[in-house]
Amino acid sequence: MTSLLKNSELSIEKADKIVSETLNSCDDGELYVEDTKSETIVLDDNKIKSSNYTSDLGYGFRAVTGDTVAYSHSNEISEKSLKNSSDNLKSTLKNNSGTYNSEIKKTNQKLYKDIDPIESKSMKSKIELLNNMNEYARSKDSSVKQVTASLLAEKKNIEIIRSGGELLSDNRPLVRINMSVMVEKNGRKETGVYGIGGRQDYDEYLKNDNWKKVCDEAFRIANTNIESKPSPAGEMKVVLGPGWPAILIHEAVGHGLEGDFNRKKTSAFHDLVGKKVASKGVTIIDDGTIDNRRGSLNIDDEGTPTERTVLIEDGILKNFMQDRLNARLMNTKSTGNGRRESYKHVVMPRMRNTIMLGGTNTQEEMIKSVDKGIFAVSFGGGQVDITSGKFVFNCTEAYEIINGKVGAPIKGATLIGDGPSSLKEILMVGNDMMLDPGIGTCGKAGQGVPVGVGQPSLLINNMTVGGTQL
Amino acid sequence: MIKDQDYLKKIADICLSKSKKLGSTDASILVQSSVSENINVRNKKLDGSERSENLGVVLTTYLGKKKSSIASSNLKESNLNELVDRCIETMKITPEDEYNSLPDKDLHFSGLKDLDLYDETHLSNENKINYIKEAEDEAFSNNKIVNTNGSGFGENKSNFLLANSNGFADGYKTSQFTAYCEVVSKSNGSMERDYEYTSKRFYNDILKPKDLGSIAADHAVKKLNPKKIKSEKISLIFDKRISKNFLSIFASAISSSAIAKGTTFLKDKLNQKVFNTELNINDRGDIKKANGSRYFDSEGIGIINLDLIKNGILQDYLIDTYNGKKINRKSNGRASGTTNLYFENGSKTFNELIKSEKKLLYIKETIGHGTNIINGDYSVGASGIMIENGEFSYPVSEITIAGNLNNIFQNITLADDLEFNYSTNSPTMHVEGMIVGGK
């Protein structure tokens, strides 16, 4: 039944035998085989700058006993190589022995189609699309001085072979369309970036000339920033727009609710389950089951079906996100959050689509209620220190709010806050919940995985804005 | 085991000759092999081990001015054949780009390889575990250290071959030994984490485990019970582990790709004063055993030393073949970026620097990605320690620091405490008048 080992020098029977023999005396583990094809085409400075096609095949063999993980990976798929890995795992775990937990939930979940987005659009039409995006963006205004557009598609097929011969598989398509526009006016330069994507064919995202909207949006952001004034510095009220700004939720609370940091008691949230950690009306979920979303998976990278996990319900901390290892050590069940970047990486608890559910307020009400503050519509990147709870974000589109009205755009503002306390500072939750356009990649311990976020507009009482205007 | 040059050469030859047969006019190929072994320890107990064997190939084919690339970790000949086919097919329909070409033959590296970049020392997992346990033991001897985030030891060996259809074919082995210790301190309800990190090509050059542990513990304890300060304009001192980031920013701002596209705040600044006149920045690829040293870049072009900033004045860019053509310059061997990039020592001691003003903020950590290379805007989250009258007084956190790099660069004063711990190195740095966002 296996397809990934089909053309290799390793038969499924041999693989099964080595896996079972290695893992029998361990608590958990698996052989993870991955075949990934990806293609990136970049248009830059008016030219197709690069077209890269990558084909990556390899395995990662993991044995877990107690809280010790032994991992060995290679892209040489052969009996000899797997045996070497097995020896390596055994030598790490030689003093420990466990009881293999063969229990794993089954699923027929089909959240995306088994398609190959690279092959379903011809190279010619991809190049034509990039050229059209370039011309269209440049035609918007003579102030457009630089355009970079790119298309990324991937097909990742994975197989998980567990002790006893159980085989689980998932075929995952992913595409992303990106646009970056630089505008120059009166000696100032600003950029605007926008993108869309998910687990469907390119054409699903290109319907109704949708690519023009991607260019329009990138240009709009750049053009807004060219008029921007220096950002104020200091503590003030912040209104967050819906959708992508939820990366604030992802950083401020999401990471702190991952099982590993809480098992190790290094998260600021580790002893707060059942306690009030956020304002009333705040409900945050991590959902791996939304059709075709970037952060969705049929099964996670340990074979556990994904689910909709409630993290915070009406302000009360309910659950952490778990992989099998941390769940076992914390006497709970995996929530299907065990993920890895590739076969070259160990599994750890990671987010999928992290979403704050909608409330009852309107964005208008929020803005009206602010005397002095900022309205943050889009962010670049964010980062968090799990232990101290401090997080930061860089606004890529933001405006000042003065006396209840949105004013001039401001540039280069950084927001800094404390995860646990800023959740309690949420004053209003909007009725306009929106998911992001499908562009997020989350980094943790050097591993990047595709994720999604979503939220309604939010009013946060007190955040520190980092700018240059005192 | 890492593969030897003969094995890598065989793979390269298969791909190059197949490309030629299918009609490519030029081709270049990189074949890499690496083995790394990592050990993680947490709370003095083995947390995990990881062994990775990587083999990979990157092929770029040219048809005149047309170009395409493939990469793969599956080196079976049948798969390689399929991929080369695909590369050639894609290349044929990719539009021409007048700047596409292999590098200048005259600039190919040829010469002695005597930089000592490979240490064949192999540490058993047992020895790796012992090293890290000793570091954690030392950290825990500080009674405010209550937990670890994990500490680790890694050993990496790699070999590569770079070849092209102009006859270049060369490669060499490198090694890297890395250890880190990340600990958590706790006191009066405050919990903080910090780390120390060491990474060298030679095992004997890395920090001793006791030092690694005690420095990490010291960092984490000094962060406890921080205060948030009021927003104000204040001069900052950047610890060496942060000051080097300004060099990395500088390097991306003078890369020929950014210069050619005009997407950098240092465009058109050649031969102009970018830094204070006392400052010099060099990029030297020929320092023995150093992390950033190399014989040639990813195109096979030999590394020459560059004085990028002399007395504050910008002397050169970081140039590769493709972008060099766009700006009418020859490559200076920087297709893979900088080598050992550093600020020359300043004239003040560390103590003179921290006593230079009544009140200074010492920055030990920044978070976030708030650097805009295009216009020079800089705004990041930070934490550190307040210095009053030359004495470290209390930790500060949850603040932002902001300014524009054009001004920041002009306002830098350096101490005389340069060390070559990383591939990019800076002495302790004083920057006059930046805006701190706080309460």
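Figures for the structure shown
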quantity: Any hit, region A:234-253, residues being part of a loop (DSSP other than H, G, I, E, B) and farther than 27 Å from A:Leu174 by Cα; calculated: no
quantity: Residues of region B:353-384 classified as more than 14 Å from chain A (Cβ to nearest Cβ) and under 26 Å from the mean Cα position of the chain (by Cα), total; calculated: 1
quantity: Index of the failed condition, B:Thr90 passing every other in (1) farther than 25 Å from A:His345 by Cβ; (2) more than 7 Å from chain A (Cβ to nearest Cβ); (3) outside any strand (DSSP E or B); (4) in contact with a helix residue (DSSP H, G or I) (Cβ under 8 Å, 6 or more places away or on another chain); calculated: (2)
quantity: Check on A:Gly315, at pLDDT 95 or above and out of contact with any Leu (no Cβ under 6 Å at 6 or more places or on another chain); calculated: yes
quantity: Region A:53-86: number of residues that are more than 10 Å from chain B (Cβ to nearest Cβ), outside any strand (DSSP E or B) and either out of contact with any helix residue (DSSP H, G or I) (no Cβ under 8 Å at 6 or more places or on another chain) or free of Cβ contacts under 8 Å to residues at least 40 places away in the same chain (or both); calculated: 2
quantity: Tally, over region A:356-401, of residues that are within 10 Å of another protein chain (Cβ to nearest Cβ), over 22 Å from A:Val429 (Cβ atoms) and assigned to a strand (DSSP E or B); calculated: 7
quantity: Filtered residues of region A:33-52 (kept if facing chain B (nearest Cβ under 7 Å) and assigned to a loop (DSSP other than H, G, I, E, B)); calculated: A:Asp45
quantity: Where a residue in region A:323-334 is within 8 Å of A:Gly259 (Cα to Cα) and its partner, wherever it lies, is part of a loop (DSSP other than H, G, I, E, B) and small (Gly, Ala, Ser), with Cβ under 8 Å and at least six apart; calculated: A:Asp323/A:Ser334; A:Ala327/A:Ser334
quantity: Subset of region B:244-280 [modelled with pLDDT under 95 and part of a helix (DSSP H, G or I)]; calculated: B:Lys261
quantity: When residues of region B:387-411 are limited to those that are out of contact with any Pro (no Cβ under 7 Å at 6 or more places or on another chain), touching a residue at least 12 places away in the same chain (Cβ under 8 Å) and hydroxyl-bearing (Ser, Thr, Tyr), the one nearest to B:Ala220 (Cα to Cα); calculated: B:Tyr394
quantity: Single condition B:Asp283 does not satisfy, out of (1) charged (D, E, K, R); (2) within 19 Å of B:Tyr422 (Cβ to Cβ); (3) assigned to a loop (DSSP other than H, G, I, E, B); calculated: (3)
quantity: Residue in region A:87-136 that is nearest to the other protein chains (Cβ to nearest Cβ), counting only those that are closer than 30 Å to A:Ser50 by Cα and touching a Cys at 6+ places or on another chain (Cβ under 8 Å); calculated: A:Met133
quantity: Boolean, A:Ser91 is free of Cβ contacts under 8 Å to residues at least 24 places away in the same chain and surrounded by 12 or more Cβ atoms within 10 Å (Cβ to Cβ); calculated: yes
quantity: Failed item, numbered, when A:Gly165 is tested on (1) closer than 30 Å to A:Leu31 by Cβ; (2) within 29 Å of the chain's Cα centre (by Cα); calculated: (2)
quantity: Verdict on A:Ser142 being at negative phi and surrounded by fewer than 18 Cβ atoms within 10 Å (Cβ to Cβ); calculated: yes
quantity: Test: residue in region B:395-404 that is of a type in the set (Ser, Thr, Tyr), assigned by TED's automatic domain parsing to the domain that holds B:Leu279, farther than 28 Å from B:Arg201 by Cα and in contact with a strand residue (DSSP E or B) (Cβ under 8 Å, 6 or more places away or on another chain); calculated: yes
quantity: Residues of region B:289-328 satisfying the condition of being hydrophobic (A, V, I, L, M, F, W, C), crowded, with 20+ Cβ neighbours inside 10 Å and within 27 Å of B:Val58 (Cβ to Cβ); calculated: B:Ala290, B:Phe296, B:Ile301, B:Ile303, B:Leu306, B:Leu318, B:Ile319
quantity: Identity of the residue in region B:82-121, free of Cβ contacts under 8 Å to residues at least 24 places away in the same chain and over 28 Å from the mean Cα position of the chain (by Cα), that ends up surrounded by the fewest Cβ atoms within 10 Å (Cβ to Cβ); calculated: B:Asp106
quantity: Any chance A:Ile439 is out of contact with any Ser or Thr (no Cβ under 8 Å at 6 or more places or on another chain), more than 14 Å from chain B (Cβ to nearest Cβ) and of a type in the set (Val, Ile, Thr); calculated: yes
quantity: Check on B:Lys222, under 30 Å from A:Glu184 (Cβ atoms) and surrounded by fewer than 23 Cβ atoms within 10 Å (Cβ to Cβ); calculated: no
quantity: Top-ranked residue in region B:71-86 [being among the hydrophobic types (A, V, I, L, M, F, W, C) and at the interface with chain A (Cβ under 7 Å from one of its Cβ atoms); ranked as farthest from A:Tyr343 (Cα to Cα)]; calculated: B:Leu83
quantity: Subset tally (residues that are outside any strand (DSSP E or B), under 17 Å from A:Ser169 (Cβ atoms) and among the aliphatic types (A, V, I, L, M)) for region A:12-32; calculated: 3
quantity: Selected residue (only one of A:Ser169, A:Ser180, A:Ser150, A:Ser163 is touching a helix residue (DSSP H, G or I) at 6+ places or on another chain (Cβ under 8 Å) and over 30 Å from B:Gly262 (Cβ atoms)); calculated: A:Ser163
quantity: Residue ID - nearest to the other protein chains (Cβ to nearest Cβ), chosen from residues in region B:30-70 that are among the hydrophobic types (A, V, I, L, M, F, W, C) and more than 30 Å from A:Cys26 (Cβ to Cβ); calculated: B:Ile70
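Quick grid of which residues meet (1) closer than 30 Å to A:Ile161 by Cβ; (2) within 14 Å of chain B (Cβ to nearest Cβ); (3) touching a strand residue (DSSP E or B) at 6+ places or on another chain (Cβ under 7 Å):
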| site | (1), (2), (3) |
| --- | --- |
| A:Ser228 | no, yes, yes |
| A:Pro232 | no, yes, yes |
| A:Val238 | no, yes, yes |
| A:Gly243 | no, no, yes |
| A:Asp260 | yes, yes, yes |
| A:Ile312 | no, no, yes |
| A:Ile316 | no, no, yes |
| A:Arg324 | yes, no, yes |
| A:Thr332 | yes, no, no |
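Rundown of residues vs (1) touching a residue at least 60 places away in the same chain (Cβ under 8 Å); (2) surrounded by fewer than 21 Cβ atoms within 10 Å (Cβ to Cβ); (3) more than 13 Å from A:Val238 (Cα to Cα), yes/no style:
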residue	(1), (2), (3)
A:Ile374	yes, no, no
A:Phe391	yes, no, yes
A:Ile402	no, yes, no
A:Asn431	yes, yes, yes
A:Gly438	yes, no, yes
A:Thr441	no, yes, yes
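The values are calculated or read from the model by the stated rules, or taken from the named source; none is laboratory data. Quick caveat, the model's predicted, so the values are computed rather than measured. Counting neighbours? That spans all protein chains shown, and the Cβs are built from the backbone with ideal geometry, glycine included.
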